[in-house]
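Presented below is the structure to which this report refers.
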Amino acid sequence: MTFSSAQEDDPLGLSANAALQKIQAQYGQYFADKIVEIRGFRGQSQPREWTVVVNDERSQLRLRSVRVSIEKTINEGESTKFYPNNLPTGFASSDKIKIDSTKAFQVLIKEARAAKIGFDYVDYKLRSLEFGDEPIWVLSAMKGKGILLGQVVMSAYDANLFRTVWYYRGDRGYIKVVDSALDGIKKNQLNDEALSVPGGDNQVSPKTNTGEASQSNQSNSSGLGTEEAEVKPIRPN
């Protein structure tokens, strides 16, 4: 398994925190206080440019877009990407962004290795939890010309992992989907079923003539998880 050029840092790459610092230096400390979205594409490991959409009460639609690279910061003016047709999920507090894009990339690498997925580059998106102010990262592992291999969703505040989704592609367009949200449900169901079986490990067999009780054998069961899910070749029906 290889990660191709995704493991090679681009000397022109810029972290999300560095982009926010450049915005604050040019437009003021509180300009990017309420963030609708931060996006960066084709990161190796960090993108060369970020697009940041922030709350701006001076704009009619109350949002403004800024593009940031190492060389320059460009105020694109009022953003029409959201209001009135696309409601923002919330406004992430810049003070709560404790996990930078560089740390998020390392988490993606770890999860991709566990899932046995190799990728070429990363698309980044930071937004808030629905109708809250906690920032979350959505990292998309990409290959070639825009082929999505998987996504990792995690908190940008404490690195809590919310969800992982991986796509194992076979012949003729067949795809095996491994989603931690679904696999987590299955794991809980299996555990609940094991607990509800009559006569579990604690059951004692009837006493023998000698008055001694024989103990039942205990069996060990292994848990199921997304990272350890067996990946089988995908065959056509």
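The values are calculated or read from the model by the stated rules, or taken from the named source; none is laboratory data. Note that the coordinates shown come from a computational prediction; the quantities given were computed from them, not determined experimentally. Cβ: placed from backbone, ideal geometry, glycine included. Neighbour counts: every protein chain shown.
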Qualifying residues in region 1-26 (those that are of a type in the set (G, A, S) and modelled with pLDDT of 90 or more) - the one farthest from L148 (Cα to Cα): A25
Qualifying residue in region 83-105 (condition: assigned to a helix (DSSP H, G or I), free of Cβ contacts under 8 Å to residues at least 60 places away in the same chain and under 30 Å from G144 (Cα atoms)): yes
Test: I117 is touching an Asp or Glu at 6+ places or on another chain (Cβ under 9 Å) and either modelled with pLDDT under 95 or β-branched (V, I, T) (or both): yes
Region 87-127: number of residues that are within 16 Å of G43 (Cα to Cα) and touching a Lys or Arg at 6+ places or on another chain (Cβ under 6 Å): 4
Residues within region 124-182 that are of a type in the set (D, E) and surrounded by 19 or more Cβ atoms within 10 Å (Cβ to Cβ), tallied: 0
Failed condition for G118, given (1) outside any loop (DSSP other than H, G, I, E, B); (2) closer than 23 Å to L149 by Cα; (3) over 15 Å from the mean Cα position of the chain (by Cα): (1)
Close pairs from region 56-69: first at pLDDT below 95, partner of a type in the set (A, V, I, L, M), Cβ under 9 Å, at least 6 apart: D56/L63
Region 129-182, residues that are of a type in the set (S, T, N, Q) and either touching a residue at least 40 places away in the same chain (Cβ under 8 Å) or in contact with a Cys (Cβ under 9 Å, 6 or more places away or on another chain) (or both): S155, T164, S180
Residue, nearest to the chain's Cα centre (by Cα), within region 75-98, restricted to residues that are of a type in the set (D, E) and surrounded by fewer than 13 Cβ atoms within 10 Å (Cβ to Cβ): D95
Enumeration of residues in region 32-58 that are outside any strand (DSSP E or B) and either more than 17 Å from S140 (Cα to Cα) or of a type in the set (F, W, Y) (or both): A32, D33, D56, E57, R58
Hey, Q29 part of a helix (DSSP H, G or I), at pLDDT below 95 and out of contact with any strand residue (DSSP E or B) (no Cβ under 8 Å at 6 or more places or on another chain) or not: no
